[in-house]
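S.K.: Could you have a look at this structure, given as structure tokens, before my questions?
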Amino acid sequence: YNRFRHQLLHGEFTIVPDESRWLGVWDAIVMVAFAYTGIALPFEVAFLQKMPPVLTLTDYLGYWVFVVDMLVTCMVAFEVPRALTTHHEREPIKIIKHYMDVPFGWFWVDLFTLLPWQSVLGLNSMSVFRLLRLIRMLRLMRIVKLAGRWHSRIGLTYALVNIWKCIIATLFVLHWLSCVWGFFAVNGQQQERDTWYSNYVLGKEGGTRIYTAHEIYCTAVYFCAATLTGVGYGDIAPTNIGEIVWATCTIFGTGFMWAGVVGIIVNVVTDWDPDANSFQKLSDDLNLLLEARALPTNLRTRARNHLQESFAVYRQRFQRETLKALSPGLQVEIAIASGALEVIEKVSFLRGIDQD
């Protein structure tokens, strides 16, 4: 026992993100739980009065995934910045203190989202309980940290990362907005009052039957997508004051979001290949130089051909500048992995030199 306690307190069982493979698997499980929470939970609150057994089971599993994740987080080392580098703090006590830091520790967000608020507050109202379940959505803030760990493992370009961020964020916001509009429609249908959906179907089919959650949701997605992209066909309009206020918020919120999405995509397309962009600018500068000096056509052709054929050299020059940002040790490892030892073996007075 004493030996186990000594090993535990000195961090021998601590999980270091860069050294643990199974942590990546666990992060994938947590990401799936996050995705389920962000998709299923708003839909359940907006449309479902009674939970199907399958969704009840998956909600239960998701809850315990988050509980276990709190325990795992207490054993995962965190980075501590230093003057020239960073190191991982392995001592469990310091890890727990960092996790429970007030007020910025993730522990309090995790605990707040997992508390059984219906029992804590003594609530009997099912509608209030359904709304309180949305508190679990706060856990989605932690997805940024998990995404950062995955980015380090996979090594995707920031251009692809930004594109995927735009796609995922747009789809999630579209889904959440659609669930809110669906909530208005379902509540109005239960209370037999006019809503945006009842007026819409009245003009389409007479509005004489009860519509399913699937039909309401699909119509809400269509309306929110038209609002998000600025199309706005005008066939759906808010009816009461609550819907008018929410429609105004939707228009402003989606307008700012769509502007951000377009800006990110433009930046990604512009900076997709920075080496090629710089080389193309150099080619344009060469054409201006050749034109300004009124050089012969033959000389212009040879100059352009030379520059085009030297693109690989030009790219290697940029790559050398990139390598300078790494430590000397990493530069040596990259050189060896790139075939530097094979080149050395072909030089007589360097042949047989020790790799170290």
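The values are calculated or read from the model by the stated rules, or taken from the named source; none is laboratory data. Fair warning: this is a prediction, and the values are worked out from it, not measured in the lab. Please note: Cβ atoms are built from the backbone with ideal geometry, for glycine as well, and neighbour counts cover all protein chains shown. All accessible areas refer to the heavy atoms of the entire protein, side chains included, with ligands and DNA or RNA removed. Shrake-Rupley method; radii C 1.70, N 1.55, O 1.52, S 1.80 Å.
S.K.: What single numbered condition from (1) open to solvent by 70 Å² or more (accessible area, probe 1.4 Å); (2) within 17 Å of residue 135 (Cβ to Cβ); (3) aliphatic (A, V, I, L, M) fails to hold for residue 61?
M.R.: Among (1) open to solvent by 70 Å² or more (accessible area, probe 1.4 Å); (2) within 17 Å of residue 135 (Cβ to Cβ); (3) aliphatic (A, V, I, L, M), residue 61 violates only (2).
S.K.: Look at residue 147 and say whether it is closer than 30 Å to residue 47 by Cβ, open to solvent by less than 50 Å² (accessible area, probe 1.4 Å) and either at pLDDT below 85 or out of contact with any helix residue (DSSP H, G or I) (no Cβ under 8 Å at 6 or more places or on another chain) (or both).
M.R.: yes
The rows are residues; the columns are (1) surrounded by 16 or more Cβ atoms within 10 Å (Cβ to Cβ); (2) modelled with pLDDT under 80; (3) more than 21 Å from residue 271 (Cα to Cα).
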residue: 138; (1), (2), (3): no, yes, yes
residue: 154; (1), (2), (3): no, yes, no
residue: 166; (1), (2), (3): yes, no, no
residue: 175; (1), (2), (3): yes, no, yes
residue: 178; (1), (2), (3): yes, no, yes
residue: 183; (1), (2), (3): yes, no, yes
residue: 188; (1), (2), (3): yes, no, yes
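S.K.: So, in the stretch 269-303, how many residues would count as being in a helix (DSSP H, G or I), under 23 Å from residue 321 (Cβ atoms), open to solvent by less than 60 Å² (accessible area, probe 1.4 Å) and among the charged types (D, E, K, R)?
M.R.: 1
S.K.: Another question about this same structure. Go through the stretch 212-258 and give me each residue that's open to solvent by 30 Å² or more (accessible area, probe 1.4 Å), β-branched (Val, Ile, Thr) and under 24 Å from the mean Cα position of the chain (by Cα).
M.R.: 221, 227, 229, 251
S.K.: Filter the stretch 20-58 for residues that are among the aromatic types (Phe, Trp, Tyr) and open to solvent by less than 20 Å² (accessible area, probe 1.4 Å) and give the result.
M.R.: 34, 47
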